[in-house]
Amino acid sequence: MSTQIYIVDDNVAFCTSLKWLLSANNRQSTVFNSAEDFLQNYDGKKGCVLLDVRMEGMDGISLLSELKNSDFALETIIITGHANVGMAVNAMKLGAFDFIEKPFDDEILLNLINSAEISLTQKLKNIQNKQQTILLWQTLTKREKDIAKQAINGKSTKEIADFFDISVKTVEIHRSRILKKIEARNIAELVSKLSAIIANLD
Amino acid sequence: MQQTYNHINDDDAQFVIENSSDVISVHRPGDWAYLTVNKAIFHLLGFMPEELLGKAALDYFHPDDAKSIRDKIMPIVYDKGVYTKQYRIKHKDGGYRWIESTHRSVRDEKGNLLKIISVSRDVSARIELENEYRNLASVVQKTSDLVLFLNQDLQVTYNNIIVRNIFGEIIGDSINDIFPSEEIQKILTLMTQDDSGTNKWSGSLRVAPENRNEKIIEIREIIERHNSKNQSEFILLARDVSKIVVAEKAIEDEKRKVNSLSRKMAIAETATILAHELNQPLATIANYSNGLLKHEKYSQQDAQLTEIMGTIADQSNLAGEIIKRLRTTLRGRPYQIVNFNLCQLCEQVVLLFDDDAKAKKIKICCEFENSSIYLGGDNIQMQQVLINLISNSIAAIEKKSIDNGFIKISIANIGDRIKLIISDNGVGFGNKTISELIALNQNQDGEMGIGLRIVISVVEAHQGRISILKPINDGAEVEILLPAGYIKP
């Protein structure tokens, strides 16, 4: 899957050369010469950001921090003229996908971009799955939601029956209905799906 | 040869007594009333002899002395016959004079005490001088300075207790026994030079005494004076500065260490800047050459061109590798992460600036939320951050040429972060940001540029942020936020 590539670097000559290099590899890219430029003009498409750290005005780490708090479907690869451990740790903490030093072998960069795109796809798929689960969750009745919450807290059928003062049989009926509605094959899958949207469980 | 003596005849005796400059008096036992007294009494006490005859001498003694004379002297005179004593006696003018009297008892054949003969002279001048000396001596003894009197031959004639504590008993020793010869030369030079004509040299000469390894004394004054025989005497005033010297040396050593580290870090930072600046064009060259190889319309045209492009790409990557290796070599000391008290570190750094700040009339004060705020990180590098920022502040204050320079360092815990603020009342940064400052300084002498870059690199390495706060008045305020607590290596 080919996604958009965004180059954010204040060195114009480097940006032009990188854009050209990517085009030679049949990859299209958009150049932004500052972090502010990117925030203003980013088209919102999913993609991969090739980000310089030290730039005039807003620096790369600040932009990374902004992106982390946004809903943008982006993976970021830090490209820097020099790296230090602290900066690398900081960048990774802020969710950067990886780190590459200038000058670099184009194959290495292209491989990194590919990996980032695979990671992004997975991430997006997870988001999509989560959204799907949230929709499915809403189809549950009040009683089913209560029982499901007990189930993901690790309670056994017997415990749930005692808690709600209903029979084990009734709990089992509810449980199979919940599995069906959430499209889970078993309790383990249900727990996994619901845990991912734990914040959205009303 | 046998010598014969003639007894003095009565007339001669009378003549001697009448004309003696000493007071000669005869007293009766008991109240020591004057039975006879010569004219010399007038010069001593202002009384004519006839004014005193029949009067009890006891009534003229100073009250403080009368008791001891009555209780101690008189019985001794009665028992042993002769005694000499200094005491005060009333003058006609109402004041007292110090006199020294020798009393002798005269007895009859049966041993009964008949009378007491006294010979007295005025010793007020001597006693006053002695008292003066005693006062002076007590001051000299009590002072914490070393006081050493040397005679013409440079032998010690007096030393106070402080000298004794260091050197032991050295009275009579030559100065050559106390100091090594090269130090003696320096001291002698000072003794013999007298530019001001005051017979006094003041200054500071630090000397290490012979065979007292740890001791350093600082001679502060040498006074030359002449005794009654017009011989030169010297008084040396000095101070034991051994502990001060040790402390100064420790600070100097620390400064040297810090300076050497500063240089290394400046080199490493320069290498980083160089790497950054060179890697940009290298990356561009590599991109174009790699790109040319990939763009079929270029690469298929000319096999030789393709080969050249390949070489260019390889060479630029190689250059990048060389820069990376160079940086690794010049990086010097790697980050060493420990848990340390930032407040303590700050105080140590301020101590390093003590002399410099005092000389420039700059006050550096620390304001800590509490005295132990711990940071996980590289204490040596963090020390450089503080040093560079304080140096910048001092430079900024100097540029302003003010007399009330002020630098404040405050450290506080803000949630999971440590906030370090360094403010000063120097020329300030204007409204510039950190990156603008770096860009600005890169074009100038570069001193502060590198210093500031080191600060930024270290703060970044500690996952912190640095920013310039808008100062309330004029001056500058730099804020550094660091994650609190221990960072795992």
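The values are calculated or read from the model by the stated rules, or taken from the named source; none is laboratory data. Please read these numbers as outputs of a predicted model, since none were measured by experiment. Positions of Cβ are backbone-derived with ideal geometry, glycine not excepted, and every protein chain shown enters the neighbour counts. Note: accessible area is taken over every heavy atom of the protein model, side chains too, but ligands, DNA and RNA are not part of it. Shrake-Rupley method; radii C 1.70, N 1.55, O 1.52, S 1.80 Å.
Worth pointing out:
- Placing +1 on the Cβ of every Lys and Arg and -1 on the Cβ of every Asp and Glu, with nothing else charged, gives the protein assembly as shown a dipole about its Cα centre of roughly 2720 debye.
- Rolling a 1.4 angstrom probe over chain B with all protein chains present gives an accessible area of which 52% lies on carbon and sulfur atoms.
- Counting, for every residue in A:130-138, the Cβ atoms of other protein chains within 10 Å of its Cβ and taking the mean gives 0.
- Span-rule helices in chain A, defined as complete DSSP H runs reaching 30 Å or more along the axis (Cα) with Kyte mean at least -0.5: A:106-137
- Percentage, to the nearest whole number, of Cα pairs in segment A:97-169 over 16 Å apart: 68
- Förster radius 30 Å - calculated FRET efficiency between B:N413 and A:K145, Cβ distance, rounded to 0.05: 0.10
- Close amide H pairs (under 5 Å, H built 1.01 Å from N) link B:A33 with B:R28, B:A57, residues at least 5 positions away or on another chain.
- When each of A:K102/B:K419; B:K255/B:K408; B:K358/B:K432; A:K19/A:K102 is checked by Cα-Cα distance, pairs over 25 Å: A:K102/B:K419; B:K358/B:K432
- About its Cα centre, chain B has a charge dipole of approximately 1060 debye under the convention of +1 per Lys or Arg Cβ and -1 per Asp or Glu Cβ, with nothing else charged.
- Aspartates and glutamates with Cα under 18 Å of B:K243, excluding same-chain neighbours fewer than 8 positions away: B:D145, B:E210, B:E214, B:E218, B:E252, B:D253, B:E254, B:D354, B:D355
- When the Cα gyration tensor is reduced to axis lengths a ≥ b ≥ c, the ratio a/c is 1.5 or higher for segment B:209-359, and with a/b above b/c it is classed as prolate.
- Of the residues B:L375, B:V458, B:Y60, the one whose Cα sits farthest towards the positive end of the charge dipole of the protein assembly as shown is B:L375 (charges of +1 on Lys and Arg Cβ, -1 on Asp and Glu Cβ, taken about the Cα centre).
- Between the residues B:V156, B:L136, B:T192, the greatest Cα displacement towards the positive end of the dipole of segment B:120-253, with unit charges on the Cβ of Lys, Arg, Asp and Glu, is found for B:L136.
- Interface burial for A against B (accessible surface, 1.4 Å probe, total of both chains, Å², rounded to 100): 2700
- Among the trypsin sites (Lys or Arg not before Pro) in segment B:284-390, those located in a DSSP loop and surrounded by at most 15 other Cβ atoms within 10 Å of their own Cβ are B:K360, B:K361.
- Within 10 Å of the Cβ of each residue in B:218-224, the mean number of Cβ atoms contributed by other protein chains is 0.
- Under 5 Å from the amide H of B:V338 lie the amide H atoms of B:G377, B:D378, B:N379, each residue being 5 or more positions distant or on a separate chain, with H modelled from the backbone and absent for Pro and chain starts.
- Converting phi to 3J(HN,Hα) with the Karplus coefficients 6.51, -1.76 and 1.60 and the offset θ = phi - 60°, segment B:39-46 yields 5, 4, 4, 4, 5, 7, 10, x Hz in sequence order, with x at every glycine or proline.
- 3J(HN,Hα) along segment B:225-236: 9, 10, 8, 4, 8, 6, 9, 6, 10, 10, 10, 9 Hz, from the Karplus curve 6.51 cos²θ - 1.76 cosθ + 1.60 with θ = phi - 60°, whole Hz, x for Gly and Pro.
- Rg to Rh quotient for segment B:1-93, alpha carbon positions, Kirkwood Rh: 1.05
- Percent antiparallel among DSSP beta bridges (both partners in chain A, rounded to 5): 0
- Along segment B:464-470 the Karplus relation, 6.51 cos²θ - 1.76 cosθ + 1.60 evaluated at θ = phi - 60°, assigns HN-Hα couplings of x, 10, 10, 8, 9, 8, 6 Hz to successive residues, with x for each Gly and Pro.
- Taking all C-alpha pairs of the protein assembly as shown, those more than 48 Å from each other amount to 56 percent.
- Of all DSSP beta bridges in the protein assembly as shown, antiparallel share, percent nearest 5: 75
- Annotation: amide H of B:C366 within the under-5 Å range of B:I409, sequence separation 5 or more or interchain, hydrogens built in the peptide plane.
- Placing B:S401, B:S289 in order of accessible area, with the largest value first and a 1.4 Å probe, yields B:S401, B:S289.
- Judged by the ratio a/c of the largest to the smallest principal axis of the C-alpha gyration tensor, segment A:1-107 counts as rounded, that ratio being less than 1.5.
- A:S65 accessible area, 1.4 Å probe, all protein chains in place, Å² to nearest 10: 40
- Gyration tensor verdict on segment B:307-403 (Cα atoms; rounded if a/c is under 1.5, prolate if a/b is larger than b/c, oblate otherwise): oblate
- Remark: mean inter-chain Cβ contacts per residue of A:17-23 equal 6, using a 10 Å Cβ-Cβ cutoff to other protein chain atoms.
- For segment A:73-158, carbon and sulfur atoms together expose 56% of the accessible surface, with a 1.4 angstrom probe and every protein chain in place.
- Sparse packing (at most 16 other Cβ atoms within 10 Å of the Cβ) combined with a DSSP loop state is found for the following chymotrypsin sites (Phe, Trp or Tyr not before Pro) in segment A:61-123: A:F72.
- Options A:L74, B:N413, A:N26, ranked by Cα towards positive dipole end of the protein assembly as shown, top entry (Cβ charges): A:L74
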